[in-house]
1. Of the residues Glu60, Glu47, which single one is modelled with pLDDT under 90, farther than 19 Å from Ala9 by Cβ, outside the structural domain of Tyr142 (by TED's automatic domain parsing) and surrounded by 11 or more Cβ atoms within 10 Å (Cβ to Cβ)?
2. Hey, among the residues in the range 194-213 that are crowded, with 16+ Cβ neighbours inside 10 Å and out of contact with any strand residue (DSSP E or B) (no Cβ under 8 Å at 6 or more places or on another chain), which one's farthest from Pro157 (Cα to Cα)?
3. Any chance the range 151-164 includes a residue that's surrounded by fewer than 16 Cβ atoms within 10 Å (Cβ to Cβ), in a loop (DSSP other than H, G, I, E, B) and of a type in the set (A, V, I, L, M)?
4. Failed condition for Tyr141, given (1) modelled with pLDDT under 90; (2) surrounded by 14 or more Cβ atoms within 10 Å (Cβ to Cβ), with all others met?
5. Show the residue pairs that are 6+ apart or on different chains and have beta-carbon atoms under 7 Å apart, the first residue being within the range 132-150 and over 20 Å from Asp57 (Cβ atoms), the second being of a type in the set (D, E, K, R) and surrounded by 11 or more Cβ atoms within 10 Å (Cβ to Cβ).
6. Of all residues in the range 72-83, which are surrounded by 10 or more Cβ atoms within 10 Å (Cβ to Cβ), of a type outside the set (Ser, Thr, Tyr) and assigned to a loop (DSSP other than H, G, I, E, B)?
Amino acid sequence: MLDEAGRLAEITGGSLDALLVNLGSRMRGQIGGRTRMGKLIVMSTAEYDPQLWERFDMAESLPKYYMPTLATTYDNPYLTADQLGAIERRIKDPEKRKQLMKSERPLPRGNEFTPELLEPCQSREMDDVMQHARENNLRGYYVEEAQRAGTVLWVMPPNEFDRYVLIGDPGQNTPPDRNSGVVVVLKVTGFPQAPAEVAAFHWVDGQGSYWPFINQMEE
């Protein structure tokens, strides 16, 4: 078992991928004629480590070999309400509290798009609307996710009384790689007095061609 895997790079400067490769070589062979199970349990708080989350997401395409599990601090039956409250008070940052206590995936980091820039772009209210619509099988609401990229398609149904603007940035790669095409539909009713809202978003898988982006723009 490997614990605190998400802090490996921070503490040791090492690579989680490299460590898993090396540990995996120790799980081969047989014992008394029985093949070793070859299972490795990797545990961590929801730290920022792209390699950790990439392994977590691999369960989508390789469910036979990966089984991801998210557990929160509130799932621990041995913690009292007072103890949970004390932990919450010690973690002053609300976003950090969600990350460490509710296992919410941290925002990506980068030189161009920092967490400070990305945080205001999120809308919990819109996410709640989408979740409610999908749970009740309402028409016109779509969400698709892709390995390593997260959400690549997010669509809400149009309203004939609203005004919309279509924006596109062409590309031919596959998300999350750079030069992947993006198509966005903004609801601009009341703008600029009121903020524009994202009505649809598609991070297009170009597969080496601009045509998927062009076809999506024409749709």
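1. Glu60
2. Gly206
3. no
4. If we test Tyr141 against (1) modelled with pLDDT under 90; (2) surrounded by 14 or more Cβ atoms within 10 Å (Cβ to Cβ), just (1) comes out false.
5. Sorted first by the residue in the range 132-150, then by its partner, the pairs are Tyr141/Arg134.
6. Passing the criteria: Asn76, Leu79.
The rows are residues; the columns are (1) under 30 Å from Glu116 (Cα atoms); (2) not hydroxyl-bearing (Ser, Thr, Tyr).
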| position | (1), (2) |
| --- | --- |
| Asp3 | yes, yes |
| Arg7 | yes, yes |
| Thr12 | yes, no |
| Gly33 | no, yes |
| Ile41 | no, yes |
| Phe56 | yes, yes |
| Leu62 | no, yes |
| Tyr74 | yes, no |
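Residues are listed down the side, and each one gets a yes or a no for (1) modelled with pLDDT of 85 or more; (2) over 25 Å from Pro106 (Cα atoms); (3) surrounded by 10 or more Cβ atoms within 10 Å (Cβ to Cβ):
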| residue | (1), (2), (3) |
| --- | --- |
| Leu8 | no, no, yes |
| Gly24 | no, yes, yes |
| Ile31 | no, yes, no |
| Arg36 | no, yes, yes |
| Val42 | yes, no, yes |
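The values are calculated or read from the model by the stated rules, or taken from the named source; none is laboratory data. Bear in mind the structure is a predicted one, so any value in this text is a computation, not a measurement. Quick reminder, even Gly has a Cβ in these numbers, built from the backbone with ideal geometry, and neighbours come from all protein chains shown.
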